[in-house]
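Here's the structure we're looking at; comments come further down.
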Amino acid sequence: MIHRGVRATRVAAATVLVTALAGCSLGPASAPDAADPRLVDALDEATSAVGTATLAADLLDEGRLTATVADTALLDALRVVGEADDALTTLVPPDPSAAQHRDEALRAVGTATDAVVAARGWANGVEGDHAVVSAGLDGAASALDALTTRLEGSS
Amino acid sequence: MKRLFAVALGILTAIGGFLDIGDLVTNAVVGSRFGLSLAWVVVVGVVGICLFAQMSGRVAAVSGRATFEIIRERLGPRAAGANLAASFAVNLLTLTAEVGGIALALQLASSVEPRLWIPVAAFAVWLVIWRTKFSVMENVTGLVGLTLVVFAVAVFLLGPDWGELAQQALRPAAPASEGPAVYWYYAIALFGAAMTPYEVFFFSSGAREERWTRRDLAQSRANVLVGFPLGGILSVAIAACAAIVFLPRGVEVSSLSQIVLPVALAGGKLALALVIVGIVAATFGAALETALSSGYTLAQYLGWPWGKFRRPARAARFHLTMIVALLVAVAVLMTSVDPIAVTEFSVVFSAVALPLTYLPILVVANDPEYMGDAVNGRVTNALALVYLVVILAASLAAIPLMIATGAGS
């Protein structure tokens with residue numbers, strides 16, 4: 001009885017292991033045209049950061065936010081977009097198609113970073129005006145949105 | 001009149017003192033990702049903490065003993081020691097999150113980097129514990145924390161689609177963009193944020209600090225059963241603000257600075273000032289409670305003299321424990337760890353550790369040797385057993401879900 005129990009446990013463990021390894025073989029590496037979900041995650045992060053920056057800039061321009069809070073919110077947004085950039089730069093694409101997607105994502109996140117940096121510069125009274133900053137952030141948001149939609153459509 | 005004033009003060013303090021950095025962050029994160037589809041967890045958590053706090057307060061008032069004194073007596077030193085280690089660790093994590101929360105809130109007011117505020121915040125917490133009377137400490141932070149009612153006001157000022165909010169709240173399911181594992185992970189996080197163990201250590205030890213007797217049970221019941229649910233409404237208001245402003249924009253909350261933006265959108269700089277004051281008060285009050293809880297738990301387990309009702313020289317090890325706990329919190333935060341990340345872990349581990357304190361309190365609350373005729377009634381016991389199942393399930397599922405979802409990412 002004990003030997004049967006041990007054998008059953010070993011069979012169950014082997015089944016779980018095989019299933020898990022089979023699961024590992026599925027996913028982006030086995031579907032070359034599908035976008036890596038990590039790309040989409042990074043783009044979502046950057047989109048979130050741009051959204052925060054846009055809101056903070058608009059509130060500051062309307063006089064509903066202090067410069068201190070706006071600066072802190074923009075700094076936090078920069079940190080988030082920086083994490084998105086790190087996630088992309090450390091990604092190793094499995095094939096040329098994925099590499100192209102990754103490069104496009106890097107460019108979009110780079111544009112978002114520039115827009116948030118510009119917003120922070122304006123918020124601290126260094127340069128620019130709200131209209132220019134707002135246009136930059138809107139442009140970055142549109143680029144991120146378009147790329148995210150395209151990548152999600154291909155997966 | 002005096003009695004009415006005391007009751008009102010107690011309730012107001014309970015409302016204002018309900019929220020801490022865990023509630024602020026977790027509710028905002030959840031609102032930005034799930035809308036109000038997890039609001040039901042706040043309701044479950046509030047009922048749970050009312051039940052738990054009411055039981056532990058009654059145990060302290062009737063038996064004359066605080067939580068860890070009873071845990072050691074009832075479970076024996078070994079089991080209680082294991083309980084202490086886990087509870088103390090979670091409490092320390094929560095204290096770290098609260099001190100970090102104070103620093104982040106002060107950054108919003110000053111633009112000074114949080115790392116510069118961290119030692120100042122910890123010193124201020126210690127100084128208040130050292131010099132201020134228990135009741136003053138509790139009442140001031142609780143009353144100032146009432147400014148967080150600005151979140152509830154902001155919900156109305158934002159002019160939301162009430163039908164949409166109601167639909168989210170009444171449809172407790174993961175949105176299409178989020179998987180069920182992440183949904184349940186955040187359900188546990190919200191539950192842990194509402195039922196943090198330090199609240200019970202503080203509540204029961206505070207009952208001894210203020211020398212509660214059976215005559216004080218009615219007031220304690222009013223504070224808990226009126227104050228905590230109203231405090232819970234503020235939790236839902238925080239989630240609602242995030243749901244109204246961030247969810248449509250695809251913005252995910254990951255910083256304290258984001259949490260105040262909906263309030264500024266709704267009410268401008270005045271509302272912004274109130275919310276920052278409220279966040280400082282809430283996190284400072286919670287830091288006081290968690291620091292005191294670290295002293296209470298260790299001193300009660302080891303049988304050291306404890307309590308602010310004793311002069312510091314007569315409870316030296318109690319005060320030393322709190323100083324060491326604050327120093328550890330500062331040391332951790334000075335490594336530049338993100339206080340928001342610490343907060344998110346602290347609420348999940350609070351859920352993991354919850355059975356360790358809940359079960360002993362439940363057992364003692366039913367023990368006539370300690371409680372006399374003030375043991376749990378049938379209704380209380382029925383509810384308590386339901387919650388025991390919920391707490392055990394949350395505790396067991398928390399870490400597997402944390403691993404499976406990458407801590408909710």
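Cα extents for the range A:34-154 along the principal axes, largest to smallest and rounded to whole angstrom: 48, 22, 20.
For the range B:218-281, the convex hull spanned by the alpha carbon atoms encloses 99 Å³ per residue.
Look at the alpha carbon pairs under 8 Å that are at least 6 residues apart: their mean separation over the length of the range B:1-155 gives a relative contact order of 43 percent. Here the label points at residue A:152 and residue B:324, each 7 Å from Cα along the C-beta direction, are separated by 5.2 nm in the simple model.
Here, the range B:336-409 has an Rg and a Dmax of 16.4, 52 Å when only alpha carbons are counted.
For the range B:125-161 versus the range B:294-372, the inter-centroid distance based on Cα atoms is 22 Å.
Relative contact order for the range A:34-154: 38 percent, from Cα pairs under 8 Å spaced at least 6 residues apart, divided by residue count.
Taking amide H positions as modeled 1.01 Å from N, with prolines and chain starts lacking one, the residues under 5 Å from residue B:366 and 5 or more places away or on another chain are B:376. The range A:113-155 and the range B:37-74 have their alpha-carbon centroids 49 Å apart. Using a cutoff of 8 angstrom between alpha carbon atoms and counting only pairs six or more residues apart, the relative contact order for chain B works out to 37 percent.
For the range B:179-319, the Stokes-Einstein estimate of translational diffusion at 25 °C and a viscosity of 0.890 mPa s comes to 136 µm²/s, using the Kirkwood hydrodynamic radius over alpha-carbon pairs.
Projected onto their three principal axes, the Cα atoms of the range B:2-405 cover extents of 56, 48, 46 Å, largest first. Diffusion of the protein assembly as shown by Stokes-Einstein, at 20 °C in a medium of 1.002 mPa s and with Rh set to the Kirkwood radius over alpha-carbon pairs, works out to 86 µm²/s.
Compared with the alpha-carbon gap, the fully stretched path from residue B:404 to residue B:369 is longer by 8.1 nm at 0.36 nm per residue. Going 7 Å from the Cα of residue B:133 in the Cα-to-Cβ direction, what parts of the range B:201-219 have a backbone nitrogen less than 16 Å from that spot? Correct set: B:209-212. Pair-distance distribution of the range B:284-409: all C-alpha pairs, bin width 10 Å, starting at 0; shares per bin in whole percent are 11, 27, 32, 24, 6, 0. Counting 0.36 nm for each residue step from residue B:79 to residue B:152 and taking away their Cα separation leaves a gain of 21.9 nm.
No value in this document is a laboratory result; all are computed from the given coordinates. Just so it is clear, the model here is predicted, and its values are computed rather than measured. Methodologically, a virtual Cβ is constructed for each residue, glycine included, from the backbone with ideal geometry; neighbour enumeration extends over all protein chains shown.
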